[in-house]
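Values quoted throughout were computed directly from the atomic coordinates according to the rules given, and no laboratory measurement underlies them. Bear in mind the structure is a predicted one, so any value in this text is a computation, not a measurement. Please note: Cβ atoms are built from the backbone with ideal geometry, for glycine as well, and neighbour counts cover all protein chains shown.
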Amino acid sequence: MFDIEPARRAGRPLGAPETRRNCLDVAERLFAAGGFAGTGLRDIAARAGVTGATLAYHFGSKEKLYGAVLARIADSILPYLPPTPPMPSDPASVAGLIERFLDWALDHRHYATLLLRELMENPDRARKAKRWYLLPLIEAYAAAIRAGQERGTVGPVDPEMTAFHATGAITHFAASTVTIQRMLALDHEAEAVDRFRRTLRDSLVAMLAPAAAGEA
């Protein structure tokens with residue numbers, strides 16, 4: 001699914017930052033393509049052009065390497081998070097805020113694929129997890145929804161579950177855009193993206209709308 005070129009400069013010094021970055025570049029794409037269980041350290045080392053000892057020097061274990069990849073994904077989302085207060089408070093602006101996650105997912109396709117795999121394959125790791133790399137994203141969207149609820153401009157939805165619902169739909173779409181395009185016989189991927197973006201925005205606005213007067 002992904003083209004992964006072997007490293008051009010094997011045998012870099014053990015402590016070189018570029019070696020670590022290169023290993024992460026390769027690891028994140030292999031994990032996205034094969035999942036955690038389906039990707040071995042030998043595969044990563046071979047594609048990165050380093051020895052297993054070098055990989056162990058930088059990351060210690062497969063679990064720690066995978067954690068470093070997840071941390072990298074979380075860092076890549078930071079520029080797409082909401083600005084500092086004041087928070088947007090009406091349904092359209094909150095929807096626009098969450099739509100930024102779609103921009104991130106389209107800019108980082110293999111990250112979205114990796115996240116989808118993680119959600120499907122991680123029950124055992126989730127039971128042991130001590131850090132949730134995407135929690136700041138969910139918290140930021142939930143905070144924006146609550147800000148609107150406090151102003152009476154957003155309806156009585158569950159803030160966290162609404163955030164999970166939207167980010168899950170976005171992640172699934174970004175990981176399966178080509179499939180959706182082919183299933184719907186669309187000529188261009190951009191058409192699938194535009195249709196999903198409109199549907200996402202309209203759905204969020206409808207979900208977040210305050211209850212009409214007289215409604216329970």
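Compute the distance in nm between two label points, each set 7 Å from the Cα along the Cα-to-Cβ direction, one at residue 178 and one at residue 81.
Calculated label separation equals 3.2 nm.
Nearest 0.05, what FRET efficiency do residue 206 and residue 107 give at R0 = 25 Å with Cβ-Cβ as r?
0.40
Rounded to a whole number of µm²/s, how large is the Stokes-Einstein D of the stretch 26-165 at 25 °C and 0.890 mPa s, given Rh as the Kirkwood radius over C-alpha pairs?
On the way: Rh = 16.7 Å.
For the chosen part, D equals 147 µm²/s.
Given the Cα-Cα distance of residue 135 and residue 194 and 0.36 nm per residue of separation, how much length would full extension add, in nm?
Between residue 135 and residue 194, full extension yields an extra 18.5 nm.
Go ahead and collect, in residue order, the members of the stretch 60-74 whose backbone nitrogen is under 15 Å from a label point 7 Å along the Cα-Cβ direction of residue 33.
No residue qualifies, since no backbone N sits under 15 Å from the label point.
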